[in-house]
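**Student:** I am attaching a structure below and will ask some questions about it afterwards.
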């Protein structure tokens, strides 16, 4: 997705665990995403964690259904400087993906490269809670989120991104890989992510076979 101003938008659905005590477990939830939201909430959200919550590049948070708030945040973000991160090449293996990426810009401090493997689409049959009996559809569902490198300068680097347990690359939902730059231990994204993996959007490089 791209705005009229040319901003690339890559959404990531991070399913949290704190609703799992209602008698039904979200099959895509992970403590990793719950902890990540908690860090954001401690810095950005006086009301704490809630759903649906949207965080834009680690700087702005608002209710996920608030379209005008998203537009305002995108306009503000367009005025900020960003590093340029792109995927140069990728090679799938039995255990994951070998990826070469390139970062353009001059970091003044170390930055983390974070890789997210996500399903294009997913469904879940809700058994308990306010959505009991409904089948929910999801897009860009994060299945893993891993720091794969720490960079101190621009240039190219190669990393291996392992497939998470339960991710099928043969049948079912398509998948994509998202890379983004983040300040260590803060969750503030320094660059909108680039994606690449199977049914990737056309603006991403080198679709996998």
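**Student:** Post the alpha-carbon centroid distance, the stretch 116-180 to the stretch 1-42, in whole angstrom.
**Tutor:** 11
**Student:** Can you give the calculated 222 nm mean residue ellipticity of the chain, where each DSSP H run of n ≥ 4 adds -39,500 (n - 2.57) and the sum is split over every residue, rounded to the nearest 500 deg cm²/dmol?
**Tutor:** Details: 2 runs with 26 residues, N = 209.
Computed ellipticity for the chain at 222 nm equals -4000 deg cm²/dmol.
**Student:** Report the Cα-based extents of the stretch 65-185 along its three principal axes, largest first, to the nearest Å.
**Tutor:** 52, 43, 23
**Student:** What is the calculated FRET efficiency for residue 86 to residue 106, with r their C-beta to C-beta distance and R₀ = 25 Å, to the nearest 0.05?
**Tutor:** Working: r = 16 Å, r/R0 = 0.66.
The pair residue 86/residue 106 has a calculated efficiency of 0.90.
**Student:** Continuing with this model, one more query. Per 10 Å bin, what percent of the C-alpha pairs of the stretch 40-100 does each bin hold, from zero upward?
**Tutor:** Histogramming the stretch 40-100 at 10 Å steps yields 18, 33, 22, 25, 2 percent.
**Student:** Fewest Cβ neighbours within 10 Å first, please rank 62, 101 accordingly.
**Tutor:** 62, 101
**Student:** Using a 10 Å cut-off around each Cβ, can you sort 130, 183 from fewest to most neighbouring Cβ atoms?
**Tutor:** Ascending Cβ contact count within 10 Å gives the list 130, 183.
**Student:** Taking 7 Å along the Cα-to-C-beta vector as the label spot, tell me the residue 154-residue 7 distance in nanometres, rounded to one decimal.
**Tutor:** Distance between the two pseudo-spin positions: 2.3 nm.
**Student:** Still on this structure, please answer the following. Averaging sequence separations of C-alpha pairs under 8 Å and six or more residues apart, then dividing by the length of the chain, give the relative contact order as a whole percent. Before the final figure, lay out each step's value.
**Tutor:** Values: 400 pairs, mean separation 46.6, N = 209.
Answer for the chain is 22 percent.
**Student:** May I pose another question? Classify the stretch 1-121: rounded, prolate or oblate, from the alpha-carbon gyration tensor (a ≥ b ≥ c, eigenvalue square roots; a/c under 1.5 rounded; otherwise prolate if a/b is larger than b/c)?
**Tutor:** Here the stretch 1-121 falls in the oblate category.
**Student:** On a full-extension model of 0.36 nm per residue, what is the gain between residue 32 and residue 49, subtracting their alpha-carbon distance, rounded to one decimal in nm?
**Tutor:** Using 0.36 nm per residue and subtracting the Cα-Cα distance, I get 4.7 nm.
Values quoted throughout were computed directly from the atomic coordinates according to the rules given, and no laboratory measurement underlies them. All of these numbers come straight from a predicted model, not from anything done at the bench. Neighbour counts are summed over all protein chains in view; Cβ atoms, including those assigned to glycine, are modelled from backbone coordinates with ideal geometry.
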